Each structure stands twice: as structure tokens, then as C-alpha cells.
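Accompanying notes for the structure given below.
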Amino acid sequence: MTTENIYGNLQGLKPSQLKQLQKLYHQRIPIDRITTIELAERVSAISTELKQPVCVYLNRRGQVIRVGVGTPRQTQIPPLELPRYGAERLSGIRCLATSLKSVPPSEACLTAMARQRLDALVMFTLTGRGIIRKGGGATGFIEDAYLAHLLPVSEDDSYWDVSAPQNIEDIAEQDFLDLVDSLEREFSREFIAQDVSSQQDRVLLVGLMTSGMTEQKFQDSLQELALLVDSAGGKVLATIEQKRANPHPQTLVGAGKVEEIALQVQTLGANLVAFDRDLSPAQVRNLELQFGVRVVDRTEVILDIFAQRAQSGAGKLQVELAQLEYMLPRLTGRGLAMSRLGGGIGTRGPGETKLETERRAIQKRITRLQQEVNQLQSHRSRLRQQRQQQEIPSVAIVGYTNAGKSTLINALTNSQVYTADQLFATLDPTTRRLTIVDKNTGESRTILLTDTVGFIHELPPSLMDSFRATLEEVTEADAILHVVDLSHPAWESHIKSVKTILADMPLAPTIELIAFNKIDRADSEHLETAKKNYPQAVFICATQRLGFDTLRSRLIRVC
């Protein structure tokens, strides 16, 4: 007797009982009925015989597609096996479940309904008496029946509606198609009201605050992730937070929080979950199995932005290298089509697995790209040598992403470097000449200003390595102009992040001039703090060209 189509707890079941469960797959009910009395009593009788809950899942054609022994939570369909559906639709599957207790559906059962986005959940509470007749006929004694279904998000954040106890006859007479149509019309109206483009990813953010992390730093990091997602073209639907002493080794967040996230994914119709932490390959696989949608971490979001923004051949080259280096250790388990090469019994055989073939191809591509990056490095080195032979001093403009570096270089040199109020608007280094007339002597001096890629908190190591040719513009400069967005609440944290990255660079210039930008939008308290803690800094507004005379005179002095 095969039991491959019966799910849940099968331990201790007799062959005759398994046969009765198998026969449920032959049942079919009218498409406009939620259930029939015959099917409800048959399922209830089997459940009474087993002394265990039984769940039967049906599609909208009235066919039984899954039978399980256990509660709706224990027998639920894995997310990756559910039909693909949008946020404005239900899954097209309903569940008929039995309960040996005279109580309404528990929150665990209702959560399972929401996670699967079921059309409905019907629960029969049993009296404890029932028989199974020879020939497959059955009768069972149902005490009460409850009908539950999902709701569009309401003002009181209710996810579902559960009816009062009813007779099974009343539920069997209800028009199932009318119920589903009315629900999906409501979901569709709510979806349209959210004003999310069909081209946008619908993103759920997840943040984990561990011991040793301040509340302010945690919130700043989450807000930055939201900006990163926005810059990548996604729409943030909601943010979920958790506080734990240490990350969970398998799922980063705790089991209860995984359940909450999975529920929100289905309730809000998210198709992407972004974590504000780097995830291991195993954690990504575990979470995707639980959520049924793609899971990305902070690094992957940044890499996606870089891939969109790279314009030059050099920029695209470096982004591809960073993406491949990130992808290589994450190949295993990224899809059922990829076989896994093991080292024990049953894993050896002729030829090469698809996974190993893919890994080998990526490794070759990485090697080639690294060679091209080295060539790019040499080319830029020659260009720098030519500039140095002309004895023109150079200043590298660095700073946190979106601090206004490109806007500043445009305003100072009347250039047309691309600018936008978003993270990582420009990736490729741009060098422009700036001629400054010394008001004291009347002499003019020329310096070279180089705009560099923006820094960010915990800049991924793969990006640091891949963009080393770009970052060398910093190490070869005579001085650094550190631009700080003073209007940002976390400006002090931004300064620390930039200084940390600069400290990791060999031969970085020791001469540094700090320019606090966007003073027109800065808080007066922040302005006073900056003046007190950084007395040698200059205060400017690049968009309105405020403080430029002071900045030019200071640039002459540092060069």
C-alpha cells in the first residue's frame, strides 16, 4: 500500500485506514458548493475512527487534491507547491478539517489558512461517535461546523472572519462561487488602492536587533534599507522587527517571527522579503521554503542597485564581478534542477553534476573578469601618472551615498555629472578640472576633482574588492574632500562609516577636508554640534552654491 499521497502523521495507521484515506481522492463535489453533507460525514467518520484530525483540500473544480492526517497547520501545503496567484486573488484551494474538540478553529489553524491564502476553511467538531461501513460507505456525527475565510486588511487589522457554529446543512447549501467572487473583488479593490506598479517588487522588510546594538542604530539601518529598496525600484509594504540576543542559525529570526512574516507575505501580497542582515546560503534556502517568495539580504539589494546604475563598460565589469563572487557560494540549493555533489555513498558517479558545471563556468568567468579589472586598474594608473607628471594636484571627493558629491562637483566645475536624490546615483569615477583664483595673490591654480562611488554602512566586501580600481582614485589623490549630508539624522554615523572604510585602504591620503553639505535643510542643533566638534570644516549648500568661496580657499590651502 503506497502512502505517498497521504500527508501528516501516519504513524500507527492500519492498512485499512490508509485505504479509506486514499479513497477520499475519488470524491468530487459540485463546483458551487463549499462541501457536501456526504463528504463532510465521510471525513468525520474516518477522523473519529483514527482518533485524529483529518484535513481534505479541494480545488475549485470540486476535486480532492490533498489528504492529510493532522491539523491544518500540520498538513498545510508548502508555499513552493501552491499555485501562483497575485495579491488580489486567493489560491483556489479550500480545506475541510475535523476537530476532536468542540472549539472554533485555533489561531494556528487560521494562520495556516492565511499562509496558504485558502478560499475557505471549514472545520467540523465531532461528537466522538462514527462508523465506517463495508463497501466504502461512511457516516459520522458532526456536532458543529465553522466557516472561516480571509478578509482584506481592515481598520482593526483582522486577517480573517470566523462564523458562529452552524449546522453542516447550512454550510453545504451556501454558494461557494459567490463567496469567492465577492472576496476576490474586495482584494482586487484593495490591491489597486495600494497604487503599486506591476513592474515593482512588493517588498517586506525584516530587521533584527541583537544585543550590543543601540535602538537608534537599528532604526537608522532599517530606514536605510527602505531607501535602498526604493532606489532599487521596489515598493516597501511593511516592516517587521525582532529583538533577539543572537541571530537564529537557521532562519536568522525566531520560529514565531518566521510564522508572522509568512503570514504578512500572504496577507499583503509581497513577492520579496528583504533582510537588513547578510544571510548565509542555508538561511536563504530555509526562509524561501517557509515564505514561498524570494528572500534577499542587504548586500543583494545593493548589488542590484549597482547593476542598474552602472553605465560605463568599466562599471558594468566591476558590478558583474561583484555579483558572481556573491553568487558562487550560494549556488547549492538554488533550485530543484541543480544536483548536488556530495562525498559519500550514493553521490558518486560518472560525469559532472549540473551544479559543478555551473560553478566551474562562474569561476572561469570570475577569473576572466578579475584579469579585466586588473587591466582597468593599470589603465587608470597610467592616466594618474600622466596627471601627476603635469604636477596638477588632485582631490578625491568621498562621502556617504547621497551626500551630494556629484551635485557639488557639478556646481564647482559647471559640469553635467548625473545626479539624483537616491542612493548610489553614480558609480563611475568622474574627474573634472577646477580653476581657483587666489584672492590674496591674484594667481590662478588648477586642481583635479574626482567624484567617487558613495560609501555605505557595512559596504559589502565583494564590492570593495571589485571596485578597487575605482577606489584607487582615492588612494592616489593628494587630499580628500569628505562631503557629509548634515540634514541626515545619522550624519555622525555616516562620518564614522566613511572613516572606517578609508582606514582599510592602504596609502589613503592623510590630508582631509570635511565639507558639511545641505546646511539649508539641517537641524540647527546638528549645525551647532558640527561646528563645535569639527572647527576646521566648511559648511556649504551645493544646490544654492552657499559657502563656495570658503571651500575654494580651503582647497587651495590643502593642495
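What to note about this one:
- Residue in region 256-270 that is farther than 16 Å from Ala238 by Cα and at pLDDT 90 or above present: yes
- Taking region 482-559 and the helices (runs of 4 or more DSSP H) fully enclosed by it, no element has 3 or more residues that are among the basic types (Lys, Arg) and surrounded by fewer than 19 Cβ atoms within 10 Å (Cβ to Cβ).
- Unique residue being farther than 25 Å from Leu147 by Cβ and part of a helix (DSSP H, G or I) when the list is Gln20, Gln11: Gln20
- Filtering region 53-64 for residues that are among the β-branched types (Val, Ile, Thr), surrounded by fewer than 23 Cβ atoms within 10 Å (Cβ to Cβ) and out of contact with any strand residue (DSSP E or B) (no Cβ under 6 Å at 6 or more places or on another chain) leaves an empty set.
- Where Leu222 falls short, out of the listed (1) free of Cβ contacts under 8 Å to residues at least 40 places away in the same chain; (2) of a type in the set (A, V, I, L, M, F, W, C); (3) in contact with a strand residue (DSSP E or B) (Cβ under 7 Å, 6 or more places away or on another chain): (1)
- Just one of the numbered conditions (1) exposed (fewer than 15 other Cβ atoms within 10 Å of the Cβ); (2) without any contact (Cβ under 8 Å) to a residue 60 or more places away in the chain is not true of Gly92: (1).
- So Gly70, is it in contact with a Lys or Arg (Cβ under 8 Å, 6 or more places away or on another chain), buried (at least 17 other Cβ atoms within 10 Å of the Cβ) and in the same structural domain as Phe176 (by TED's automatic domain parsing): no
- Condition met for Ile131 (under 23 Å from Thr36 (Cα atoms) and modelled with pLDDT under 85): yes
- Residue match in region 48-61 (condition: assigned by TED's automatic domain parsing to the domain that holds Asp181, in a helix (DSSP H, G or I), charged (D, E, K, R) and within 25 Å of Asn167 (Cα to Cα)): yes
- Lys217 out of contact with any Pro (no Cβ under 7 Å at 6 or more places or on another chain), surrounded by fewer than 15 Cβ atoms within 10 Å (Cβ to Cβ), farther than 30 Å from Leu58 by Cα and of a type in the set (Lys, Arg): yes
- Being assigned to a loop (DSSP other than H, G, I, E, B) and within 40 Å of the chain's Cα centre (by Cα) is a description that does not apply to Thr98.
- A residue that is assigned by TED's automatic domain parsing to the domain that holds Phe124 and not in a helix (DSSP H, G or I) occurs nowhere in region 38-46.
The values are calculated or read from the model by the stated rules, or taken from the named source; none is laboratory data. Note that the coordinates shown come from a computational prediction; the quantities given were computed from them, not determined experimentally. Cβ coordinates were reconstructed from backbone atoms using ideal geometry, including for glycine residues, and neighbour counts include every protein chain displayed.
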